[in-house]
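Everything on this sheet refers to the single structure shown next.
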Amino acid sequence: MDPSPWADEALQQFDAVVQASAGFRPRAGQRSMAAQVARTFSQATLGKAEGSEAPARAIAVVQAGTGVGKSLAYSVPAIAVALARGTRVLISTATVALQEQLVHKDLPALARHMAQPFAFALAKGRGRYVCKLKLERLASGAAHEDEDIPDDLLAPEAMDQRQAQRTPGAAPPGQAERMPFYIHLADALASGQWDGDRDQLPSPPEPELWSPVAADAHTCTGKHCPVFHQCSYFERRKELVAAQVIVANHDLLLSSLGARLLPELDNCLLVIDEAHHLPATALAQFGCEMDLSRLGWIDKLASRALRIGQLMEVEAIADVPQHAARLRAALQDLARLVLDVYAEPLRAPAPGRAALAGTPTRVRLPEGRLPEALGEPLGQVAHHAGGLLEVLRAIAKALRAAMRDTPAEARRLAQLYAQVGALAPRLEGVHACAQLLLQDAPAGAAPAAKWFTLALEGDFIVLRAHASPVLPGSTLRQHLWSAVRGAVLTSATLTGCGQFDFFLRESGLHGDEAVTTLQVPSPFDYARQGQLVAVQTRADPRDATAYTAEMAAALLADLAQVPAGALVLFTSREQMRQAVDLLPTALRAVVLVQNQWPRQQLLALHRERVAQGQPSIIFGMQSFGEGLDLPGRLCESLFITKLPFAPPDDPVGEARAEWLRGAGRDPFSELVVPATAMRLAQWVGRAIRTEEDQAHVYCYDKRLVRTGYGQRLLAGLPPFALQQRQAGA
């Protein structure tokens with residue numbers, strides 16, 4: 001079918017929604033973006049292609065400046081085309097907070113104005129929902145991991161623990177303190193006051209409290225579970241089946257590839273909002289690590305596998321003792337050899353790095369080359385971890401079969417399944433990390449980043465091995481774009497220094513013939529609404545001590561003149577700490593420091609002060625440089641204490657720069673500058689949020705106006721009126 005009618009109809013629906021929505025007015029940039037979205041999604045071939053021709057792919061990369069209204073610009077045409085084509089829209093955002101804004105605010109408002117009704121649902125990872133079966137056991141006090149295994153199969157120490165638990169009023173160590181929390185959750189769930197979603201609790205529980213009751217794929221028996229029909233997670237999954245629009249997040253999108261949790265990417269329309277986060281999410285998703293020091297979990301896993309495997313008459317458990325013993329021995333050998341080979345750099349912190357009790361010491365393997373001595377134990381780790389995983393799969397298969405055949409035993413068997421699966425993620429992590437450490441890159445390809453860290457955690461000295469891809473684009477091209485037919489990627493900051501090239505390389509779309517780019521400028525009059533004040537210090541910003549002292553003095557002088565709301569963004573905790581220590585008494589009363597208050601409470605207090613006509617200044621780090629919406633007087637002044645270059649000791653960045661230099665390329669110009677430009681644009685974007693805002697942006701890093709790359713950074717910023725002055729003037 002000719003795709004033009006789909007695109008034309010979608011754009012007509014967009015115009016109708018804008019006209020019908022109170023407070024909305026037509027914006028040329030927003031309509032231009034909507035037209036591009038409609039064309040893109042109309043051109044892609046979805047599902048099975050007819051004939052021998054390859055299916056058509058269409059991908060649009062759209063930078064939509066602040067104030068464009070990108071959510072409406074992509075959602076209306078995407079939904080209109082999807083309904084016309086009988087398919088679905090999958091929207092992926094950077095965070096759960098953005099997901100909930102779309103599902104609870106934007107999409108309900110849109111549904112009231114669309115010509116055709118549509119259903120929408122929110123998709124979150126399983127671990128954000130409670131497992132009712134786990135919660136019941138913990139709330140009742142019957143939570144010992146071996147409670148359903150016959151006494152004659154228990155080890156002596158486990159038998160002692162069971163006898164203690166059977167004593168009236170007794171509970172496993174540490175459980176008594178947590179019982180009120182789990183009882184409260186169970187009561188709220190049973191009464192319908194809570195739906196089992198972690199994000200709907202009044203305050204987020206600590207990980208150590210939530211983890212024991214979180215739903216998890218490795219411990220879940222799905223439809224075989226005795227409480228399956230009351231499962232919070234699967235109730236949400238039912239909503240996804242009936243929805244034409246599903247809102248997920250980047251982590252879930254990448255972690256569920258090939259798992260059928262979300263719509264198939266070759267048969268749906270994909271929107272990636274806040275797309276500048278996608279490359280970093282990909283690196284985090286496909287990186288891995290393993291602990292070489294604390295190995296008690298291996299014995300626990302072997303014990304569970306043997307006990308439960310014997311109950312289920314699984315023959316493969318005969319290999320468990322050998323695999324477990326050799327895995328432990330191989331990890332111990334690896335740890336000893338790592339300390340032998342890298343004793344000096346691991347035990348002696350590098351200049352400027354914290355001691356062992358603080359930031360971990362680290363050694364990276366140059367060019368990803370593994371010392372020959374480490375190859376043998378790593379090979380053993382990979383082999384025996386793989387062997388144990390096969391055994392666990394056999395036990396899990398036997399348990400599922402037993403639950404299917406004997407429903408009356410489902411509760412007991414589901415608990416055994418959870419015990420087997422609880423340690424599987426750690427085993428899978430060891431297996432994946434060993435394999436990536438052993439992997440050699442093909443000629444000309446970038447090798448994986450490989451490194452070891454040593455840290456003091458409580459009373460333990462912990463040695464870890466790490467490995468990660470260094471090119472997110474290659475990873476995304478292989479795992480994501482190979483399956484996608486139609487997609488729109490959008491954000492307010494997708495260009496670095498005014499060009500899309502950096503983002504296209506990072507996202508794996510550079511050179512892809514299916515890709516079209518569009519830059520939609522903000523409707524704001526930045527030259528009239530804002531001023532960029534470039535404050536030049538005498539000290540070189542690379543001289544941290546001298547620069548911080550001079551910058552802080554200039555900053556405090558400027559802060560004393562703030563009449564309303566202000567935001568100060570720091571590049572390091574140490575820099576922020578020094579500025580806080582230098583605050584005079586008058587300013588201490590108006591400064592709110594990140595992490596000294598819960599985020600929402602801090603922002604509420606800031607808004608309250610400004611509403612009362614008082615000055616209020618927020619001190620924040622990277623996470624406050626993005627996503628904060630402080631319109632009007634809430635942020636009339638924005639202070640950037642230093643250009644936001646990435647930390648210099650990031651091992652993945654180091655490995656990538658090393659590879660680029662080896663290929664005769666300049667990592668600073670090619671990688672560091674455009675990445676910093678995107679980050680700086682995000683930070684500056686906190687200043688002007690509406691067409692009525694007036695704001696001053698102060699930057700104390702003289703490199704912005706005195707260097708060639710600084711001019712490139714300026715080119716990527718809104719066209720503010722520029723003022724320059726000397727620090728102290």
Item to check | Every residue from segment 46-72 that is part of a helix (DSSP H, G or I), more than 22 Å from TRP481 (Cβ to Cβ) and in contact (Cβ under 8 Å) with a residue 60 or more places away in the chain | outcome: SER71
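Would you confirm whether any residue within segment 417-429 is of a type in the set (A, V, I, L, M, F, W, C), within 24 Å of ALA330 (Cα to Cα) and within 20 Å of the chain's Cα centre (by Cα)? Give the steps one after another, and end with the answer.
So in segment 417-429, the residues of a type in the set (A, V, I, L, M, F, W, C) come out as 418, 420, 422-424, 427.
Among the residues that remain, those that are also within 24 Å of ALA330 (Cα to Cα) are: 420, 422-424, 427.
This time we only want the ones that are within 20 Å of the chain's Cα centre (by Cα), so: none.
The answer is no, given that none of the residues of segment 417-429 is of a type in the set (A, V, I, L, M, F, W, C), within 24 Å of ALA330 (Cα to Cα) and within 20 Å of the chain's Cα centre (by Cα).
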Checklist outcome for this item: Filtering segment 98-143 for residues that are touching a residue at least 60 places away in the same chain (Cβ under 8 Å), under 21 Å from GLN244 (Cα atoms) and among the hydrophobic types (A, V, I, L, M, F, W, C) leaves a count of 14
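One line per residue, one yes/no per condition, for (1) modelled with pLDDT of 95 or more; (2) under 25 Å from HIS276 (Cα atoms):
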{"residue": "HIS606", "(1), (2)": "yes, no"}
{"residue": "ARG609", "(1), (2)": "yes, no"}
{"residue": "GLN612", "(1), (2)": "yes, no"}
{"residue": "PRO615", "(1), (2)": "yes, no"}
{"residue": "PHE619", "(1), (2)": "yes, yes"}
{"residue": "ASP629", "(1), (2)": "no, yes"}
{"residue": "ARG633", "(1), (2)": "yes, no"}
{"residue": "LEU638", "(1), (2)": "yes, yes"}
{"residue": "THR641", "(1), (2)": "yes, yes"}
Checklist entry - For segment 99-109, does any single residue satisfy the condition of being outside any helix (DSSP H, G or I), at pLDDT 85 or above, of a type in the set (Val, Ile, Thr) and closer than 21 Å to SER232 by Cβ? => result no
Checklist entry - Within segment 431-474, can you find the residues that are in a loop (DSSP other than H, G, I, E, B), of a type outside the set (Val, Ile, Thr) and within 26 Å of LEU509 (Cα to Cα)? => result GLN439, ASP440, ALA441, PRO442, ALA443, GLY444, ALA445, ALA446, PRO447, ALA448, PRO469, LEU471
Item to check | Pairs with Cβ under 8 Å, 6+ apart, first in segment 387-406 and without any contact (Cβ under 8 Å) to a residue 24 or more places away in the chain, second crowded, with 20+ Cβ neighbours inside 10 Å | outcome: THR406/LEU413
Checklist entry - Out of ALA677, ALA646, which single residue is within 25 Å of the chain's Cα centre (by Cα), within 23 Å of VAL535 (Cα to Cα) and surrounded by fewer than 17 Cβ atoms within 10 Å (Cβ to Cβ)? => result ALA646
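Conditions tested, residue by residue: (1) at positive phi; (2) assigned by TED's automatic domain parsing to the domain that holds ILE618; (3) touching a residue at least 24 places away in the same chain (Cβ under 8 Å).
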| site | (1), (2), (3) |
| --- | --- |
| ILE461 | no, no, yes |
| VAL484 | no, no, yes |
| ALA487 | no, no, yes |
| GLY508 | yes, no, yes |
| ARG538 | no, yes, yes |
| ARG542 | no, yes, no |
| ALA546 | no, yes, no |
| MET551 | no, yes, yes |
Checklist entry - Which residues, taken from segment 13-57, are hydroxyl-bearing (Ser, Thr, Tyr), at pLDDT 95 or above and within 20 Å of ALA115 (Cα to Cα)? => result SER42
Checklist entry - What do you reckon, is ALA721 surrounded by fewer than 15 Cβ atoms within 10 Å (Cβ to Cβ) and touching a helix residue (DSSP H, G or I) at 6+ places or on another chain (Cβ under 6 Å)? => result yes
Checklist entry - If you check every pair at least six apart or on different chains, which have Cβ atoms under 6 Å apart with a residue in segment 430-453 that is assigned by TED's automatic domain parsing to the domain that holds LEU378 first and a residue that is of a type in the set (Phe, Trp, Tyr) and buried (at least 17 other Cβ atoms within 10 Å of the Cβ) second? => result ALA446/TRP659
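If only one of THR87, THR93, THR40 is in contact with an Asp or Glu (Cβ under 9 Å, 6 or more places away or on another chain) and either surrounded by 14 or more Cβ atoms within 10 Å (Cβ to Cβ) or not hydrophobic (A, V, I, L, M, F, W, C) (or both), which one is it?
Working: THR87 fails: in contact with an Asp or Glu (Cβ under 9 Å, 6 or more places away or on another chain); THR40 fails: in contact with an Asp or Glu (Cβ under 9 Å, 6 or more places away or on another chain).
Answer to the selection: THR93.
Just give me the residues in segment 69-83 being surrounded by fewer than 24 Cβ atoms within 10 Å (Cβ to Cβ) and either under 15 Å from ARG39 (Cβ atoms) or in contact with a helix residue (DSSP H, G or I) (Cβ under 6 Å, 6 or more places away or on another chain) (or both), in sequence order. Spell out how you get there, then give the answer.
Step one: list which residues in segment 69-83 are surrounded by fewer than 24 Cβ atoms within 10 Å (Cβ to Cβ), which gives 69, 71-72, 82-83.
Passing the criteria: GLY69, SER71, ALA82.
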Checklist outcome for this item: From the option list GLY685, GLY664, single residue qualifying as among the small types (Gly, Ala, Ser) and buried (at least 19 other Cβ atoms within 10 Å of the Cβ) is GLY685
Checklist outcome for this item: Listed by first then second residue, the pairs whose first member lies in segment 348-372 and is farther than 14 Å from PHE452 by Cα, whose partner is modelled with pLDDT of 60 or more and among the hydrophobic types (A, V, I, L, M, F, W, C), with beta carbons under 7 Å and at least 6 positions apart or on separate chains, are ALA357/LEU456
Checklist outcome for this item: Taking segment 681-729 and the residues there that are part of a helix (DSSP H, G or I) and of a type in the set (A, V, I, L, M), the one that is farthest from HIS277 (Cα to Cα) would be VAL705
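Which members of segment 563-614 meet the condition of being among the aliphatic types (A, V, I, L, M), in a loop (DSSP other than H, G, I, E, B) and either surrounded by fewer than 17 Cβ atoms within 10 Å (Cβ to Cβ) or in contact with a Lys or Arg (Cβ under 9 Å, 6 or more places away or on another chain) (or both)? Break it down into steps so the answer makes sense when it comes.
Restricting attention to segment 563-614, the residues satisfying the condition of being among the aliphatic types (A, V, I, L, M) are 564, 566-569, 576, 579-580, 582-583, 586-587, 589-593, 602-605, 610-611.
Then keep just the ones that are in a loop (DSSP other than H, G, I, E, B); that gives 564, 582-583, 589-590.
Result: ALA564, LEU582, ALA589, VAL590.
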Checklist entry - Looking only at segment 357-381, which residues are outside any loop (DSSP other than H, G, I, E, B), under 27 Å from the mean Cα position of the chain (by Cα) and closer than 15 Å to GLU289 by Cβ? => result ARG362, VAL363, ARG364
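If I filter segment 172-188 for residues that are within 16 Å of ALA139 (Cβ to Cβ), modelled with pLDDT under 65 and in a loop (DSSP other than H, G, I, E, B), do I get at least one hit?
Quick first cut of segment 172-188, residues within 16 Å of ALA139 (Cβ to Cβ) only: 172, 174-188.
Pick out the ones that are also modelled with pLDDT under 65 and you get 172, 174-176.
Applying the additional criterion that residues be in a loop (DSSP other than H, G, I, E, B) yields 172, 174.
For segment 172-188, residues within 16 Å of ALA139 (Cβ to Cβ), modelled with pLDDT under 65 and in a loop (DSSP other than H, G, I, E, B): present.
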Checklist entry - Are any residues in segment 451-491 more than 28 Å from LEU437 (Cα to Cα) and crowded, with 21+ Cβ neighbours inside 10 Å, and if so, which ones? => result ARG485, GLY486, ALA487, VAL488, LEU489, THR490, SER491
Checklist entry - Within segment 11-44, how many residues are under 32 Å from the mean Cα position of the chain (by Cα) and of a type in the set (A, V, I, L, M, F, W, C)? => result 8
Checklist entry - What number of residues within segment 475-505 are over 20 Å from the mean Cα position of the chain (by Cα), in a loop (DSSP other than H, G, I, E, B) and not hydrophobic (A, V, I, L, M, F, W, C)? => result 4
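Working only within segment 623-671, note down all residues that are among the polar types (S, T, N, Q) and either outside any helix (DSSP H, G or I) or touching a residue at least 40 places away in the same chain (Cβ under 8 Å) (or both). Walk me through how you get there before you give the answer.
Filtering segment 623-671 for residues among the polar types (S, T, N, Q) gives 623, 637, 641, 669.
The answer is SER637, THR641, SER669.
The values are calculated or read from the model by the stated rules, or taken from the named source; none is laboratory data. Here the structure is a predicted model, which means the values were calculated and not measured. Counting neighbours? That spans all protein chains shown, and the Cβs are built from the backbone with ideal geometry, glycine included.
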